[in-house]
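Written below as structure tokens is the structure these notes are about.
The values are calculated or read from the model by the stated rules, or taken from the named source; none is laboratory data. Keep in mind the model is a prediction, meaning the values are calculated, not measured. We place every Cβ from the backbone using ideal geometry, glycine too, and count neighbours over all the protein chains shown. When the accessible area is computed, the model is the full protein with side chains, heavy atoms only, and any ligands, DNA or RNA have been set aside. Shrake-Rupley method; radii C 1.70, N 1.55, O 1.52, S 1.80 Å.
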Amino acid sequence: MKVSAILSTLMATALVAAVHAAPSKSPTAAADDALQRLVVNYNYTTAAEIAAEYADSLYKRGHSNAVKAAAPVVSKEILPYCVGLSSDRPVRVKLFQNQQTCDGNGFRTLWVFTAHSKKDKHHGAYPVCIASATKPDRSMLFNAQTKCTGNGWKTDFVFYMSGQYSPDPAVSNGHESTMRWVADNDSRMLMYPEYDGASHGWTSPFRVGYRSRWRLAGDREMGILRAELPKHATINNQVSVVPPPNAATQWCAQNLIQVYNWGALIPTPNTLPGTVGPNYANDAARDECAHLVPKSFIRMGRVNVDGFIPVEILIDNKVHAAISLKANTNINAAYVRLALQESLRTGAPLPVVVDPLQGDLIVTLISGTIAVIGGTMAYQHPI
């Protein structure tokens, strides 16, 4: 047995023992209340209206039929996982597989991450078992296991963690991560980006790696996206995203997204080879797609509509991920990469809008859900 596997087993055993045996301090009522305030009140009616308006603009007559020619093909291998926060006490989370929202049955959508639902030897190799229990309804994470039934838990599903395994995994190749916390005395857990669980009475931190993450948008953020959507529709009508035809192309497409590292883009058309990223060729060799390196490009500004341009991830003359954004606008490259990840997963170009009040986030539309991608301020102070 490999050392990493032995460590994984020991960690999992220690976690079960800690959860069921060791008494510990518990999160305070004030901490519970603070968590509830982080939940965004998502207006499903307004979101549906905006998504419908975008679709109408996207397909209206007089535009190219590129989008109509190939309907989006959503990945069956990389899925969204909705993290729901309990609306009652004690505060806890429940994970819902292949859902972008999870409001109802005593839970409210806290945030969403995407991860591999099947083992991917290069980008998602480490199993994480999610177990469920009742009274109260909740989830628990067991690392390095594909089955986690026992001691009051029942296996719910398994996803595969991205990043390089260690007790505190180094996140590589653009993978995101979040700390998982446990309240030992009553066997419940919490996962939330940028959350310092230790200072609020949570224990047993474990870093979980995954592909991308976002939260739901509030009313003000929806309005920001709505105002710019007609321009994005004009751009994205002329962009056709197609799913990678094989695993090698999928691996290289994900690596190529990580090459993107620009802030404000000029509207002048520009196409750069993947090798502009110093690690792209090495990553391609590792991921068995070195033959695609000469065919890999990031194309920017191919179309320009009043200063709105696309960014396209291009391999072998096919676009596998794309976003539209306003040129000459400062935008965090890390958030562009996450939006491109979601385009790759959902098979559609994503409109991206920068929040003028909070420069540390973007607003976008992901498979009909209006989402916010951002850093600490986006999660700790949603407005």
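Observations
- As for the stretch 162-178, it holds at least one residue that is open to solvent by 10 Å² or more (accessible area, probe 1.4 Å), part of a strand (DSSP E or B) and either modelled with pLDDT of 95 or more or closer than 16 Å to TYR81 by Cβ (or both).
- Considered as a group, the residues in the stretch 211-246 that are more than 27 Å from HIS381 (Cα to Cα) and among the small types (Gly, Ala, Ser) include one that is surrounded by the fewest Cβ atoms within 10 Å (Cβ to Cβ), and that residue is SER240.
- In the stretch 344-358, residue modelled with the lowest pLDDT [restricted to those that are open to solvent by 10 Å² or more (accessible area, probe 1.4 Å) and more than 17 Å from the chain's Cα centre (by Cα)]: GLN358
- Test: residue in the stretch 359-372 that is out of contact with any Leu (no Cβ under 9 Å at 6 or more places or on another chain), within 23 Å of TRP111 (Cβ to Cβ) and crowded, with 23+ Cβ neighbours inside 10 Å: yes
- Top-ranked residue in the stretch 104-124 [being buried (at least 17 other Cβ atoms within 10 Å of the Cβ) and of a type in the set (D, E, K, R); ranked as farthest from GLN250 (Cα to Cα)]: ARG108
- Taken over the stretch 92-103, the criterion of being closer than 18 Å to ARG37 by Cβ and either of a type in the set (Gly, Ala, Ser) or surrounded by fewer than 23 Cβ atoms within 10 Å (Cβ to Cβ) (or both) is satisfied by ASP103 alone.
Rundown of residues vs (1) open to solvent by 20 Å² or more (accessible area, probe 1.4 Å); (2) closer than 17 Å to PRO193 by Cβ, yes/no style:
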residue: ARG302; (1), (2): yes, no
residue: PHE308; (1), (2): no, no
residue: ALA321; (1), (2): no, no
residue: THR329; (1), (2): yes, no
residue: GLU342; (1), (2): no, yes
